[in-house]
1. All but one of (1) over 19 Å from Trp6 (Cβ atoms); (2) surrounded by fewer than 12 Cβ atoms within 10 Å (Cβ to Cβ); (3) not basic (Lys, Arg) hold for Glu33; state the number of the condition that does not hold.
2. Scan the range 24-42 for residues that are part of a loop (DSSP other than H, G, I, E, B) and under 21 Å from Gly14 (Cα atoms) and jot them down.
3. Filter the range 43-81 down to the residues that are touching a residue at least 24 places away in the same chain (Cβ under 8 Å) and within 15 Å of the chain's Cα centre (by Cα), then identify the one that is nearest to Gly8 (Cα to Cα).
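What follows draws every value from the coordinates through simple rules; no lab data is involved. On a predicted model such as this, the values are computed, not experimentally measured, just so you know. All Cβ positions, even for glycine, are placed from backbone atoms using ideal geometry, and neighbour counts span all protein chains on display.
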Amino acid sequence: MINTGWVGGLCGVGKRISLKYTHAMINAAVNGELDFVAYETDPFFNLNIPKFCPGIPQELLNPKTTWLDKDPYDKTAQKLVKMFKIILSNIQTSQMKLFNQVQVERNKKSPQGKNLEDLLLC
């Protein structure tokens with residue numbers, strides 16, 4: 001995941017990370033330049049954050065270090081985690097509904113008394 005969002009604070013306080021740095025991060029990842037650097041783990045999203053990336057100021061690599069006041073960062077990150085969980089839960093529920101609908105349709109089309117998996121093994 002590449003940080004292309006805000007650094008230094010919320011909208012109005014911070015600023016968008018520059019395209020120059022976004023491109024540098026993508027190039028480093030694609031070229032394997034991040035394969036052997038040290039990483040730290042983000043406590044909210046469990047993402048690995050490189051401690052070094054060519055062409056990027058070190059203080060920009062971990063979004064939390066760009067915020068002067070760390071408490072609002074933590075609160076915003078916790079809010080994002082909750083939002084992601086809700087979204088992922090909704091996606092998972094939708095996928096299960098779709099899967100169940102497909103299974104019902106398959107069962108309607110399969111010959112009576114035969115398990116679909118048994119038919120596929122013939």
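1. Here Glu33 clears every test but (2).
2. Asp42
3. In this case the residue turns out to be Pro63.
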